[in-house]
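Since the structure comes first, as structure tokens, the remarks are kept for the end.
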Amino acid sequence: MKTCSTHTTGTLDRWTLLLGAILTVALMIPAIALSQPSPYPVTLGTAGSFVVLAQSGISTTGVTHITGDIGVSPVAATYMTGFGLIKDASNTFATSSLVTGRAYASDYTTPTPAKMTTAIGDMGTAFTDAAGRSSNFVELYAGDLTGKTLTRGVYKWGTGVLVSAGGVTISGSSTDVWIFQIAQDLVVANGAAVNLSGGAQAANIFWQVSGKVTVGTTAAMSGIVLCQTNIAISTGASFNGRALAQTAVTLDANAVTDPGSSSTAFNMPTITAVSLTTVNRGSVGVKVVVTGSNFSTGVTMLDFGAGVTVNSTVVNSPTSITADITVASAAIAGARTVTVTNLTSGGGSASLPSGFTVGTGIATFVEQTSSTVPVAFELDQNYPNPFNPSTRIQYGLAKAGQVSLKVYNILGNEVATLVNGYQEAGSYTVPFGTGKEPIDLMSGVYFYRLEAGSFVSTKKLILVK
């Protein structure tokens, strides 16, 4: 018993040490958030020309100094208090000994009112843009960033966020971007600091805050703050960034510095063509090639409108994306706008109006009868022929590609689309008149035409009712 007891105690000690080591490592891991592909910067528009911008007022006490322009709208210049504003002779802006820049208000002379209306609108658009980005991290560290190091990415909290005196480090290159989506308040406590390392730029850090923002006394804040309510910067705090508030900004002996423009270059995508302009309702697994420019692996969404599901996308090159789509049987027929969106380094969205049409017919169900690759393209005579009420058309593809099989009347008018999509090499059978492709045609002679790459073949069929 004694020996057994000694052995058990030693084993427990070893397990205790092991578990302690595991817990220590587990607690250390969150100290640095894992890196994700960098999002593209939030577009500030003309709001980006202001260091402090507010809708209901800007006030300062003590010896504040601001490097950059300030402005208010829709309120008047009287809601910028503590600055000792002096109007320029043009009455389009004012100056202040506390501002290395200009002060603008909605009640100044034209064109300033329009300038301010646009800037406020752009501020709201930027807030919505930042709030709508897809997140890489959710509820990280329960909102307490003190002592943490954050790499590029989009961070989302349904609560408030706190940075205590231990500070937080934003680590990355000069082209990396950070977006912080905060549903409640942001508090940078007294003496806390938002530190930048590795070349990270304040112009690439975006704090989207639905509550209020408080920067404590002697704290050091960095980044673009897009606040839905008010921003309060306490005594002696420094601010390297932009304070953009949908209500008010209050200052107290602060140094506020223009962070400059984002150094992250991104090219907006364009979309110029869609390989298949018409796809019938009920089509499943249809391949569509979208061409344009500035596509990258960051392209995460293609949109063909309601009723069209994008099953997958593959970026073939910066100018080509292949999508696999399904068109619902109940999809509304008609022209659609095709939209491509880059959610990472490519940035932005582009649309092609009327670039895609949901056809009025019902998709024909094509059966691949053999995956053996024929030695040549071929189109067989339909069987039976003449037929009533249905027939079958067989063809072979020596090479994968876009395939079109259509039926025409004797006048050359198209009366049915049986195939219109990408198909692999192999042999196929297409039913015509089975009920899935209703025939509302008169007795007579018709022609069916197969186009696959450079191969074109036409044959005659006869409908007898």
**Prompt:** Where a ≥ b ≥ c are the square roots of the eigenvalues of the C-alpha gyration tensor, would you call the range 367-463 rounded, which needs a/c under 1.5, or, failing that, prolate if a/b is larger than b/c, or oblate?
**Reply:** prolate
**Prompt:** When the dipole is taken about the Cα centre of the range 367-463, and only Lys, Arg (+1) and Asp, Glu (-1) are charged at their Cβ, what size is it in debye, to the nearest 20?
**Reply:** 140
**Complete:** Kirkwood calc, the range 45-257, C-alpha pairs only, radius in angstrom 17.1
**Prompt:** At 25 °C and 0.890 mPa s, what whole-number value in µm²/s does Stokes-Einstein give for the translational diffusion of the chain, with Rh from the Kirkwood sum over Cα pairs?
**Reply:** 91
**Given 406/465; 399/460; 399/459, the pairs whose alpha carbons are separated by over 32 Å** = none
**Fill in**
Here the relative contact order (percent) of the chain, from C-alpha pairs under 8 Å and at least 6 apart, is 10
**the chain - share of DSSP beta bridges that are antiparallel (%, nearest 5)** = 50
**Item:** Neighbour-count order for 140, 397, fewest beta carbons within 10 angstrom listed first
**Value:** 140, 397
**Complete:** For the chain, longest principal axis from Cα atoms; helix 112-132 axis from its Cα atoms; angle between them, nearest 10 degrees, is 70
**Complete:** Interchain or sequence-distant (5+) residues whose placed amide H lies within less than 5 Å of the amide H of residue 102 are 69, 70
**Message:** Given contacts defined as C-alpha pairs under 8 Å and at least six residues apart, what's the relative contact order of the range 45-257, whole-number percent?
**Reply:** 20
**Request:** Find out how many positive minus negative residues lie around residue 95, taking Lys and Arg as positive, Asp and Glu as negative, among other residues whose Cβ is under 12 Å from that of residue 95.
**Result:** 0
**Message:** Order 237-247, 163-173 from most to least packed using the mean count of other Cβ atoms within 10 Å.
**Reply:** 237-247, 163-173
**Request:** Please report, in debye to the nearest 20, how large the charge dipole of the chain is about its Cα centre when each Lys and Arg carries +1 at its beta carbon and each Asp and Glu carries -1 there.
**Result:** 600
**Request:** Step through the table entries 156/287; 148/212; 87/115; 115/212, compare each Cα-Cα distance with 24 Å, and write down the pairs that go over it.
**Result:** 156/287; 115/212
**Request:** Per residue of the range 322-330, in order, report the coupling 6.51 cos²θ - 1.76 cosθ + 1.60 (Karplus, θ = phi - 60°) as ³J(HN,Hα) in whole Hz, putting x for Gly and Pro.
**Result:** 9, 10, 9, 10, 10, 9, 4, 5, 9
**Message:** With +1 assigned to the C-beta of every Lys and Arg and -1 to the C-beta of every Asp and Glu, and no other charges, what is the dipole magnitude of the range 186-326 about the Cα centre in debye, to the nearest 20?
**Reply:** 200
**Item:** Ranking of 414, 451 by count of other Cβ atoms within 10 Å, fewest first
**Value:** 414, 451
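Values quoted throughout were computed directly from the atomic coordinates according to the rules given, and no laboratory measurement underlies them. Since this is a predicted model, take the numbers as computed values, not measurements. Here Cβ is always computed from backbone atoms with ideal geometry, including for glycine, and neighbour counts include all displayed protein chains.
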